[in-house]
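Computed from the coordinates by the stated procedures, all read-outs in this text should not be read as laboratory data. As the structure is a computational prediction, the values presented were derived from the model and not from experiment. Glycine also receives a Cβ, built like all others from the backbone with ideal geometry; neighbour counts cover every protein chain displayed.
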């Protein structure tokens, strides 16, 4: 049986779960709820650490080691969350009806934490699934990282995750930001290096060009119509364009036979720009609603 038939549905499901967690972090602004969201993302990353340990050398010992390492990471990361919950419980008991949950001073640290954890989870999942699909288990660290960042097991789930996230959060962003973030997701999915197939190279190259051209056409049309972009939106557009320029340079170097290191760097830049923006939509549009601190999928 082809392992991909099992692995791809799992990859899609895991990406949807991570996207749901990102959506929750974008809507929650209490300290406890944010810490729980981060803890759940740590759990996802820990789970993929365990799977990579197993798939690197599949045998009963590596299975046990992977389970114990994942459990240790989860156990260690839960203590700060419990400490925060207990602190809030004491404050609630002391202040009674006057109690108000402690809120985040700024979403910046949360956004950076989410971006790092999402990248770690997707890289670990991509590496694990590549090993399960038959990729070599050894190699130089830099070569392994670059190969993972340019593999379909990283690029396609990440692109799906980005697309699902911006679909869910689109009402929270101005149209120009939605266009920029949506184009990033499309370009991540349509990455020519993902598959060693000339037909894919041509088709994905056309799709990437269409996505970027559509985004630029919208921005130029809006500017011509006199739409005034807020400062934060202008900064986001610049960051997206810079990340896209690095991706273009990486693809040019790859096409010339100079390797995938620059392209791999561009994927990190793109997802960093995307998720730091996605977790802090109030910087671009409407503040979070009062029902936002519930678990993902609730309401």
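Things worth noting here:
- If R0 is 30 Å, the Cβ-Cβ spacing of residue 92 and residue 112 corresponds to a FRET efficiency of close to 0.55.
- For residue 63 and residue 83, the difference between the fully extended length at 0.36 nm per residue and the C-alpha to C-alpha distance is 4.1 nm.
- Surface/4 of the Cα convex hull for the stretch 80-172, nm²: 9.5 nm²
- Base-10 log of normalised Debye intensity for the chain (one unit scatterer per alpha-carbon) at q = 0.08, 0.10, 0.15 Å⁻¹: -0.39, -0.60, -1.21
- Length gained on full extension, residue 220 to residue 268: 14.6 nm, using 0.36 nm per residue less the C-alpha separation.
- Candidates 11, 71, 45, ranked by Gaussian network fluctuation over the chain, Cα under 10 Å, top entry: 71
- Based on Cα contacts under 8 Å between residues 6+ apart, the chain shows a relative contact order of 26 percent.
- Once the chain from residue 72 to residue 99 is taken as fully extended at 0.36 nm per residue, the excess over their C-alpha distance is 6.3 nm.
- In this simple spin-label approximation, residue 238 and residue 256 carry label points 7 Å from Cα along the Cα→Cβ vector, and these lie 2.8 nm apart.
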